[in-house]
Amino acid sequence: QVQFVESGGGLVQPGGSLRLSCTASGTILSIYTMAWYRQAPGKQRELVAGIIRDGNTNYADSVKDRFTISRDNAKNTMYLQMNSLKPEDTAVYYCRATRSGYDYWGQGTQVTVSS
C-alpha cells in the first residue's frame, strides 16, 4: 500500500522554526514530483513549494526566502524547513506526490504559529 505520511508540525512562536517531513512507504519517493500544500481555516488549499525529480524547486511568493523544500531519496523523505514563521503560516500542511497517472496526498500535519 502506497502512503505518504507527514510529521513535524506543532505550536511555535512567531519568528520560530519548524521542519516538516513527508515519508513514503510502499513506493520510491524519487520517481515523483513532490510538493507541500497548506490549508488555513476557511481558505482554499494552496501550493507552498514544489520540487521535481531533478531537484529544481519553486515557492509561493509568501514563503520565498523563509521556507526551503528538499528531498532525500535515500531516506525516502521530503522536507520543508520553515524559518521566520508568521501567524499567517498557521495551517494544515499536506505533502503531495504526483507522476503520470498517480496523485497521492498525505493526511496533513497542523502548524500553529502563535504567541
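Just one of the listed residues (Ser21, Ser70) is among the hydroxyl-bearing types (Ser, Thr, Tyr), open to solvent by less than 40 Å² (accessible area, probe 1.4 Å) and in contact with a Phe, Trp or Tyr (Cβ under 6 Å, 6 or more places away or on another chain), namely Ser21.
Of all residues in the stretch 33-66, which are in a strand (DSSP E or B), closer than 21 Å to Gly10 by Cα and either without any contact (Cβ under 8 Å) to a residue 24 or more places away in the chain or open to solvent by 60 Å² or more (accessible area, probe 1.4 Å) (or both)? Break it down stepwise before answering.
Of all residues in the stretch 33-66, those in a strand (DSSP E or B) come to 33-39, 46-51, 57-59.
From what is left, the residues that are closer than 21 Å to Gly10 by Cα are 35-39, 46-49.
Matches in the stretch 33-66: Gln39, Glu46, Leu47.
In the stretch 4-12, the condition of being in a loop (DSSP other than H, G, I, E, B), touching a residue at least 40 places away in the same chain (Cβ under 8 Å), hydrophobic (A, V, I, L, M, F, W, C) and open to solvent by 60 Å² or more (accessible area, probe 1.4 Å) is met by no residue.
With respect to the conditions (1) free of Cβ contacts under 8 Å to residues at least 60 places away in the same chain; (2) more than 14 Å from Tyr94 (Cβ to Cβ), Ser17 falls short on a single one, namely (1).
The values are calculated or read from the model by the stated rules, or taken from the named source; none is laboratory data. None of these values were measured; they are calculated from a predicted model. No Cβ is skipped: glycine too gets one built from the backbone with ideal geometry, and neighbour counts run over all protein chains shown. Ligands, DNA and RNA are stripped out before the accessible areas are found, and what is left, the full protein with its side chains, is counted by its heavy atoms. Shrake-Rupley method; radii C 1.70, N 1.55, O 1.52, S 1.80 Å.
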